[in-house]
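Peer 1: Questions regarding the structure given below will be posed in turn.
The values are calculated or read from the model by the stated rules, or taken from the named source; none is laboratory data. Keep in mind it's a predicted model, so treat the numbers as computed, not measured. Methodologically, a virtual Cβ is constructed for each residue, glycine included, from the backbone with ideal geometry; neighbour enumeration extends over all protein chains shown.
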Amino acid sequence: MSHILILGGDGYLGWPTAMYFSKRGYDVTVVDNYFRRNACTELDVGMLYPVPTLIERAKNWYEHTGKEIKVVIGDLTNPEIMRSLFKGDFEYSWAINNNFSGIPNTVIHYAEQPSAPYSLINYQYANITITNNLLVTNNLIFALRDFSRDTHVVHVGTMGEYGTPNIDIEEGWLEIEHKSRKDRFLFPRQASSLYHTTKIMDTDLMWFGVRMWDLRITDLMQGPVYGLETEDSVIDERLRTIFNYDEIFGTILNRFIVQAIVAYPLTVYGKGGQTRGYLNINDTLQCVHKAAETHAKKGQLRIFNQIMETFSANELAEKVQDIGRKLGYQVKIDHLENPRKEAEEHYYNPTYQGLIEIGVKPHYLTDEILEGMFRVVEKYKDNIRRDVIFKGIKW
Ligand SMILES: NC(=O)c1ccc[n+]([C@@H]2O[C@H](COP(=O)([O-])OP(=O)(O)OC[C@H]3O[C@@H](n4cnc5c(N)ncnc54)[C@H](O)[C@@H]3O)[C@@H](O)[C@H]2O)c1
């Protein structure tokens, strides 16, 4: 059985990914240190509903499916914890049997501080973001160098690494002709937050590991994800992923739906022409699965742009307004003074064919999908805290 190690397996994407692979017969181990939950508690941002601990989730999954997801609680900035995952000399926090599943064939690396506003609260949060994200990635590439150069890493990067250049965005690489000579380089990157800058640095660290030690790595440049229901969460609502709607950890569409339900005007920053690529959480699962199944070659940094369609902030707000009104909500749109430093109108034309070519079938943002999200979020309406929706963290 193929052994898959999911770093950051308690997170918004990590837990659904663990169930997705477990259901498909992989031997799954998840690792997390509750960084995200602790940050939510520390910053008092609240979540839409309470979520069981990672150990409780794994037990619950086992009760429903008879499939084991091994859980390790540990901080991956500690190199010894990272290395123990490849040597098998760690204590499981929860497992049916404590046998080491062997060196992982695939590592899915999600274990990072994922919020741009968090990284810009002040210099301390900037430092946490830089040290956390880069140490985890560096510990991973050295563990691979020392124990298993053949293990394939699927890392989730971000489309934000490219920024919004005035040229078409390619999938990771660009051939450049300079003074009549040609070479292929990583596509120029110019992030607009400190968090996104750490993702650029991740890519550079992994590219270094690929060049020096022939590692095999797929870096998925993902856009903001929306949604909360996956094929496995419908079995039992306690298997649902975490859901944030606050300014720090919530992603735009998830937030707009919550805002619409509590009659909080949708918070569009500035003119609202900011255009990005988006995807459904179910497509993230498909993408990492297809990436794991097809894997990068030895000495290859394979990059895909992981988005399914593009929208401006205004377009998303209008879609939520339309569906919200249809469902009987009074939905207003507010153009706030932009707390971020970013272009509010710009050219945006990314390529995103690679994942489709390896078999991903997109779920587009239809009215039915939006309505389905409204229906789930409505159930937790009484938990929604208006005070965490907008705080105006400035760049
Ligand atoms: N959600 C999105 O819209 C989105 C978009 C683009 C890229 N990404 C990237 O995808 C990945 C997953 O995102 P997410 O939304 O699931 O975020 P998340 O915060 O929910 O998940 C990350 C998980 O990693 C864990 N973690 C962080 N640092 C750790 C450490 N030092 N040791 C152990 N565990 C640690 C956290 O506790 C959390 O459970 C991130 O790398 C993020 O940058 C997410």
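Peer 1: Would you confirm, using the coordinates I've provided, whether R83 is within 15 Å of the ligand (Cβ to nearest atom), closer than 24 Å to V258 by Cβ and basic (K, R)?
Peer 2: Spelling it out, it is not the case that R83 is within 15 Å of the ligand (Cβ to nearest atom), closer than 24 Å to V258 by Cβ and basic (K, R).
Peer 1: Right, here's the next one. Among the candidates E56, E63, single out the residue that is within 18 Å of V30 (Cα to Cα), surrounded by fewer than 17 Cβ atoms within 10 Å (Cβ to Cβ) and without any contact (Cβ under 8 Å) to a residue 40 or more places away in the chain.
Peer 2: Being within 18 Å of V30 (Cα to Cα), surrounded by fewer than 17 Cβ atoms within 10 Å (Cβ to Cβ) and without any contact (Cβ under 8 Å) to a residue 40 or more places away in the chain holds for just one of E56, E63, which is E63.
Peer 1: Right, another one. Kindly establish whether D202 is in contact (Cβ under 8 Å) with a residue 60 or more places away in the chain and part of a helix (DSSP H, G or I).
Peer 2: yes
Peer 1: A further question on this structure: I need a count of the residues in segment 119-160 that are of a type in the set (S, T, Y), closer than 26 Å to E293 by Cα and assigned to a helix (DSSP H, G or I).
Peer 2: Number of matching residues: 1.
Peer 1: Further, regarding this structure: Given the criteria of a type in the set (K, R), in contact (Cβ under 8 Å) with a residue 12 or more places away in the chain and touching a strand residue (DSSP E or B) at 6+ places or on another chain (Cβ under 6 Å), does K23 qualify?
Peer 2: no
Peer 1: So S180 clears everything in (1) more than 30 Å from L316 (Cβ to Cβ); (2) within 16 Å of the ligand (Cβ to nearest atom); (3) surrounded by fewer than 22 Cβ atoms within 10 Å (Cβ to Cβ); (4) not aromatic (F, W, Y) except one condition, right? Which one?
Peer 2: Every condition holds for S180 apart from (2).
Peer 1: Would you mind finding the one in T294, T275 that is polar (S, T, N, Q) and under 30 Å from R149 (Cα atoms)?
Peer 2: Among T294, T275, only T294 is polar (S, T, N, Q) and under 30 Å from R149 (Cα atoms).
Peer 1: Spot the failing condition for P16; the list is (1) closer than 24 Å to D236 by Cα; (2) more than 15 Å from the ligand (Cβ to nearest atom); (3) of a type outside the set (A, V, I, L, M); (4) under 23 Å from the mean Cα position of the chain (by Cα), and only one is missed.
Peer 2: (2)
Peer 1: Scan segment 305-317 and give yes if some residue there is touching a helix residue (DSSP H, G or I) at 6+ places or on another chain (Cβ under 8 Å) and more than 16 Å from the ligand (Cβ to nearest atom), otherwise no.
Peer 2: yes
Peer 1: Can you tell me which residues in segment 25-80 are in a loop (DSSP other than H, G, I, E, B), away from the ligand (no atom under 13 Å from the Cβ) and modelled with pLDDT of 95 or more?
Peer 2: G25, Y26, D44, L48, Y49, P50, P52, G66, K67, E68
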